[in-house]
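The values are calculated or read from the model by the stated rules, or taken from the named source; none is laboratory data. Everything quoted here is computed from the prediction, not taken from an experiment. Reconstructed Cβ throughout: ideal geometry from the backbone, glycine too, with neighbour counts over all protein chains shown.
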Amino acid sequence: MRIGKIKKIRRILMCAVLALLMIGVMTTVSCGTEEETIELVELAGWQEYVIVRPDGGDRVETDAAIKLKNAIEERVGVTLTLTTDWVKRGEEAPTDTKEILIGSTNRPESDITLLYHDIAVEASEHRVAIIGGSPEATDLAVDWFIENCIAETVSVPAERYVKAGEYPLRNVSIGGVPLYEYAVNSPTLTDDTFPDEKAALRLWLAEMTGHYPENDGEHYIRVETGKEIGITEVVNKLDGGDIVLTVAAGGMPIDDAITLFKTTLENRNEDEVNIEMTQTADIDNIKTCDAAQIAEWRKMTDERIEDIINTPNMEIPEGAKVYYVSNNGDDSNDGRTPETAVKTLFRASNLSLREGDYVCFERGGVWRGNLSALKGVTYTAYGEGDKPKLYGSPEDGADPAKWTKTDAENVWSYDAWDMDVGTLVFNHGEAHAVKYIIRTKADGSTVVHATGKPFKDYHDLTEDLTFWHDVEGKKLYLYSEINPGERFDSIEFNVKKNIIQVHGPGVTIDNLCIMYGGAHGVSSGTTQNLTVQNCVFGWMGGSLQKVRDDGVPVRYGNGVEIYGGCDGYTVQNNYFFQIYDAAVTHQVSLSSTQVESGTVLNQKNILYAGNVMEYCNYSIEYFLGNVPEDNPSRMENFVIEDNYMWYAAEGFCEQRPDKNAGCHIKGWSHNNRAVDYVIRNNLMLYTKDMLVDIYSNRLNPDGSDSMPTLENNQFAAFPGVSFGVLKQDDNTRAPYNASVVDYTAEHSNGDTFWFIAE
């Protein structure tokens, strides 16, 4: 394409119209103190022209076309038709229609090579092209056309008019390659990290060089994270012909690497630029911890676990009414003395109890089944030895006679129950089974939900210690190369039931060992003054809870759970391990009926303190959801204090389909209105996903946010792990992958972030 002749002169006199435009009459328009002199001619038959914009084009180009149409109508009094450049598939664009083309249409007259800020206007037979090197430049081209070419008629430049933009980095090269030849790796290729930052970088490069970067090319600008980089470092370098802008994952914001890159270019002394540079921030509360520090924390944690396991018996007030439960008891007894103890959980659940009574289980004993905890009653231990053990598992399956070899290779069957089994635990935790939960797809085929592997029946079990429970047939099928009863000394079954179900307020659960339940360890609805203390919870959950409307199965369970409101809920000095979902939780989403009736559910006076939580998908989970803006439901006086949390999303919970989705404190994307929410003096180490997910989209009535105060916590994870989410946001989902440095600047109050040296 030829570039029209443009002459620059210095204008001294005021801008004036020299002559009335007529068809075929030349004239000159000039404005400003230093402007172009453009020869214009009236556009013959302009009333017959149609304004054409790209079909499905950029919104900026569409708005520019509308703006031109309105300007002609206002100034000249003629309304031109506005349409798109659409043509029927298989047909070619017309060539003889009278059109004013806005932006990058499919007409050949729009094919003008321009840089990003350049604008051009050119008239040819039947066509006027108004275009820029970008949609924003097209908008400026339309502005220029309105200002200079529309008066009492419509005129056009006699020759192509081009106004070039300014490009400060047009001549810059890096590593011998012009900057404008570098592509920026794209989310449409293989790397989907930092899409917003990359989009902003592309735009900046377009503005500075005139070329919008390609998605693919011989050389790239890569924006990424690297484990080999110090957590407070920003490193820019050349790597194999590519420019690499790098921070440590979870550390400095990636914008810092991009800013360093921009600053290096803008402050260059010559056009061949060396961008290799490292910047290090000095941030006191971001540190690197070595094996000695981890060992110190582990020693501290193990000592607390030992203390919890060996918690002495509680002092029972003199005059209190006490009932005793012993493996050596008899359900025909009254239970009022150790010598007349009752024997079973069923009998213990049906004693005639009143508020203030105590039910004591003998240390060293084992009870299988489920306990109903009644209003105002304390359930605790007596005697000497190990904590009383309450197992949800109906029996120990380590008996070879109970297992039958099937016709499928290495698959054994067991006569089971109509209560779904969540997992099998072997030798009290040396190994555990992976459950195959079957999902029916829309086409009627069945697959293993977690893997998508086709599954019809037990013949499709092919991996060691995987199992399928045929609940209707009351058969459990386990893959094992030898008889499981010969292979293991103990086999426990997590069946679908809560081990302790709380009925009414004022219940205390103390000094018990609660294990092998397919649902929850201790479960309650809305309640008051529930205390769970000095207990051990292990191997909890895994049974099927429900199948959602979309066909996705959901599994239990939690160590201690309240579903509903509460006023007084204390979980302290407990040891939780190998929990499929959360060690401890309070949660509720208002039902549609509750929303319509205006039900208020508060979760008040909650204390989680002095616990050890490890190998749980969530150490702590909470949510208060589906609360309308005008409903005052809230969390109040919620304290998470002095807990040791290790290995989120590891262990038993790794068989979840949402792999690596755990964290130590999980608040979900719920309303979660809260006041007096404090997280202090906790230790949180290791996670496969993020450390915390703390979120609320509800402000309090006084306008304050619902975020917690964080004080003196210790966070530790490998480089590459995100701190997570800590955000008050009115969107449905808060931004993810906030850097530790961002968090430190905005929220930290004495917290320390440790990155574990590998």
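Go through the residues of the range 561-573 one by one and say whether even a single one is assigned to a helix (DSSP H, G or I), farther than 26 Å from F493 by Cα and of a type in the set (S, T, N, Q).
No, because not a single residue in the range 561-573 is assigned to a helix (DSSP H, G or I), farther than 26 Å from F493 by Cα and of a type in the set (S, T, N, Q).
Would you tally the residues in the range 611-631 being in contact with a Phe, Trp or Tyr (Cβ under 9 Å, 6 or more places away or on another chain) and of a type outside the set (A, V, I, L, M)?
Going through the range 611-631, the residues in contact with a Phe, Trp or Tyr (Cβ under 9 Å, 6 or more places away or on another chain) turn out to be 611-617, 619-623, 625.
So of that shortlist, the ones also of a type outside the set (A, V, I, L, M) come out as 611, 614-617, 619, 621-623, 625.
Number satisfying all stated conditions: 10.
Return the residues of the range 248-269 that are part of a loop (DSSP other than H, G, I, E, B) and within 34 Å of the chain's Cα centre (by Cα); say none if nothing qualifies. Break it down stepwise before answering.
Step one: filter the range 248-269 for residues part of a loop (DSSP other than H, G, I, E, B), giving 248-253, 267-269.
A248, A249, G250, G251, M252, P253, listed by residue number.
Evaluate the range 76-84: report whether one residue or more is within 20 Å of L140 (Cβ to Cβ), surrounded by 12 or more Cβ atoms within 10 Å (Cβ to Cβ) and at pLDDT below 85. Give the steps one after another, and end with the answer.
Let us first name the residues in the range 76-84 that are within 20 Å of L140 (Cβ to Cβ), namely 82.
Now narrow it down to the ones that are surrounded by 12 or more Cβ atoms within 10 Å (Cβ to Cβ): 82.
So of that shortlist, the ones also at pLDDT below 85 come out as none.
Within the range 76-84, none of the residues are within 20 Å of L140 (Cβ to Cβ), surrounded by 12 or more Cβ atoms within 10 Å (Cβ to Cβ) and at pLDDT below 85.
Mind counting the residues in the range 93-130 that are more than 18 Å from Y167 (Cβ to Cβ), touching a residue at least 24 places away in the same chain (Cβ under 8 Å) and assigned to a strand (DSSP E or B)? Before you say what the answer is, go through the steps one by one.
In the first step, residues of the range 93-130 are kept if they are more than 18 Å from Y167 (Cβ to Cβ); the result is 93-111, 121-130.
Those left that are additionally touching a residue at least 24 places away in the same chain (Cβ under 8 Å): 95-107, 111, 121-123, 126-130.
Then drop every residue that is not assigned to a strand (DSSP E or B), which leaves 99-102, 121-123, 127-130.
Count: 11.
Can you name the residue in the range 548-560 that is outside any loop (DSSP other than H, G, I, E, B) and in contact (Cβ under 8 Å) with a residue 60 or more places away in the chain and is also surrounded by the most Cβ atoms within 10 Å (Cβ to Cβ) among such residues? Give the derivation first.
Within the range 548-560, the first condition is being outside any loop (DSSP other than H, G, I, E, B), and the residues that meet it are 553-555, 560.
The next check asks that each one be in contact (Cβ under 8 Å) with a residue 60 or more places away in the chain; those that pass are 553, 555.
Values: P553: 16, R555: 26.
So, considering only residues that are outside any loop (DSSP other than H, G, I, E, B) and in contact (Cβ under 8 Å) with a residue 60 or more places away in the chain, the one surrounded by the most Cβ atoms within 10 Å (Cβ to Cβ) is R555.
Between N626, N672, N637, N643, which is within 23 Å of G538 (Cβ to Cβ) and over 16 Å from the mean Cα position of the chain (by Cα)?
Numbers: N626 fails: within 23 Å of G538 (Cβ to Cβ); N672 fails: within 23 Å of G538 (Cβ to Cβ); N637 fails: within 23 Å of G538 (Cβ to Cβ).
The match here is N643.
Read through the list (1) closer than 30 Å to D510 by Cα; (2) buried (at least 16 other Cβ atoms within 10 Å of the Cβ), then give the number of the only condition that Y414 fails.
Unmet condition: (1).
Can you tell me how many residues within the range 152-195 are surrounded by 19 or more Cβ atoms within 10 Å (Cβ to Cβ), at pLDDT 95 or above, within 21 Å of E207 (Cβ to Cβ) and not hydrophobic (A, V, I, L, M, F, W, C)?
3
Only one of these conditions is not met by I146: (1) touching a Lys or Arg at 6+ places or on another chain (Cβ under 9 Å); (2) free of Cβ contacts under 8 Å to residues at least 40 places away in the same chain; (3) under 30 Å from E207 (Cα atoms). Which number is it?
For I146, the exception is condition (2).
Would you pick out the residues in the range 35-65 that are part of a loop (DSSP other than H, G, I, E, B) and more than 19 Å from A151 (Cα to Cα)?
Listed by number, the residues that qualify are P54, D55, G56, G57, D58.
Can you tell which of A129, A200 is out of contact with any Lys or Arg (no Cβ under 7 Å at 6 or more places or on another chain), small (G, A, S) and assigned by TED's automatic domain parsing to the domain that holds L68?
A129
Taking the condition within 15 Å of W412 (Cβ to Cβ) and assigned to a loop (DSSP other than H, G, I, E, B), does T462 pass?
Details: within 15 Å of W412 (Cβ to Cβ): yes; assigned to a loop (DSSP other than H, G, I, E, B): yes.
For T462, the condition - within 15 Å of W412 (Cβ to Cβ) and assigned to a loop (DSSP other than H, G, I, E, B) - is met.
Taking the condition under 22 Å from Y391 (Cα atoms) and part of a loop (DSSP other than H, G, I, E, B), does N498 pass? Even if it seems obvious, please write down each step before you answer.
Numbers: under 22 Å from Y391 (Cα atoms): yes; part of a loop (DSSP other than H, G, I, E, B): yes.
It is true that N498 is under 22 Å from Y391 (Cα atoms) and part of a loop (DSSP other than H, G, I, E, B).
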